[in-house]
Amino acid sequence: MEVPAADERVSVTAKDNVIEISAFAQPPGQSGIGLVAPFDFALDRELWRWAPDDVSLYLTRLPYVPVPVTVDMAAALSDGDKVRRATQDLLAPEPLVVGYACASGSFVDGAAGEKRLHASILDAGAPAAVTTSGALIRALEALDARRIAVVTPYVDSVTDRLLGFLGEHGIETVSSVGLGLLNHIWKVTYSEVVEAVRDVDRPDAEAVFISCTNVLTYDIIAPLERMLGKPVLAANQVTMWAALQAIGRSAVADDQWLVSATSRTAA
């Protein structure tokens, strides 16, 4: 069989349109990020918004747990064996990093629990690992923020675990509010989040954190930062920021403080 010349073109005709492609055209390159999410995670599209066009996301979910969003659910989602198996399910397309995309599951057992989750992902064969709560600590360090205000959708018992986790890392919570939700967290509206952030902010807070990967935040982070004059971090944002940093890439976001500040640093 004769091999076409390097500059030969192949014509594909569809009705009146003719599309010419190179006989040797290669598909565009891509990098992959694996993500382990809770069974009720409903915001896949939001995670994609931080990803560059040539980065693909491979998502899988942890097994269903028939309990509301409580400490019991967070503990079940942090089971190391289940996270390890979920990570193995993601390895076939060869992601460069695997992220555990759940805030409560990664802080419920404190700093030691987050480290165990991180180790579970690596033990499963992932080349690199991040967790939402671990990413939060890294983001706060990158912004040199040690005093923060916190918004969560959780009941108080879960919010308290987050504040304890932050305290273990030397982060002081100057104010916090929980919305007290036990389910359907992904239905929280932008206006509800904005109101909660406005209410929780204090002059001595160096940043505000919005917890839970099931809370929509992408479109309101930058406007909130302009309103408050300080960084606003969110669970999905820090997860994607850390995962992309792990593979030498920057998150896609206009005027989000964390992304802009760390992109300047990297440059």
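Values quoted throughout were computed directly from the atomic coordinates according to the rules given, and no laboratory measurement underlies them. In this text the structure is predicted, and so the values were computed from the model without any measurement. FYI the Cβ positions are ideal-geometry reconstructions off the backbone, even for glycines, and counts take in every protein chain you see.
With bins 5 Å wide beginning at 0, the percent of Cα pairs of the range 87-243 falling in each bin runs 2, 10, 19, 23, 20, 13, 8, 4, 1, 0. If only the Cβ of Lys and Arg carry +1 and only the Cβ of Asp and Glu carry -1, the dipole of the range 31-266 around its Cα centre is close to 240 debye.
Between residue 123 and residue 56, what FRET efficiency comes out of the Förster formula 1/(1 + (r/R0)^6) with R0 = 30 Å and r the beta carbon distance, rounded to 0.05? Intermediate results must be reported in sequence, preceding the final value.
Details: r = 24 Å, r/R0 = 0.80.
After rounding, the FRET efficiency stands at 0.80.
When the chain is described by a simple charge dipole with +1 on each Lys and Arg Cβ and -1 on each Asp and Glu Cβ, the residue from 243, 88, 153 located farthest towards its positive end is 153.
Would you kindly state how much longer the chain becomes between residue 194 and residue 45 on full extension, computed as 0.36 nm times their sequence separation minus their alpha carbon distance, in nm to one decimal? Write down the numbers at each step before the final one.
On the way: separation 149, 0.36 × 149 = 53.64 nm, distance 2.06 nm.
Full-extension gain reported as 51.6 nm.
Annotation: for a label point projected 7 angstrom from Cα along Cα→Cβ of residue 168, residues of the range 118-145 with backbone N closer than 15 Å are 118-120, 131-138.
Hey, can you rank 72-80, 145-153, 209-217 by average C-beta count inside 10 Å, highest first? Provide the component values of the computation, followed by the final result.
On the way: 72-80: 20.1, 145-153: 23.3, 209-217: 26.1.
Averaged packing, sorted descending, gives the order 209-217, 145-153, 72-80.
So what is Rg over Rh here for the chain, counting just Cα atoms and using Kirkwood for Rh? The partial results should precede the final answer.
Working: Rg = 20.8 Å, Rh = 19.5 Å.
That ratio equals 1.06.
Since only 165, 126, 203 are under comparison, the one whose Cα sits farthest along the positive direction of the charge dipole of the chain, derived from C-beta charges on Lys, Arg, Asp and Glu, is 165. For residue 129, the residues whose modelled amide H falls within less than 5 Å of its own, excluding neighbours fewer than 5 places apart on the same chain, are 98.
Gain on full extension, evaluated as 0.36 nm per residue between residue 30 and residue 160 minus their Cα-Cα distance, stands at 42.8 nm.
Normalised by the number of residues in the range 31-266, the average gap of Cα pairs under 8 Å and 6 or more apart makes the relative contact order 23 percent. For the listed peptides 245-253, 129-137, a ranking on the average number of other beta carbons within 10 Å per residue, highest first, reads 129-137, 245-253.
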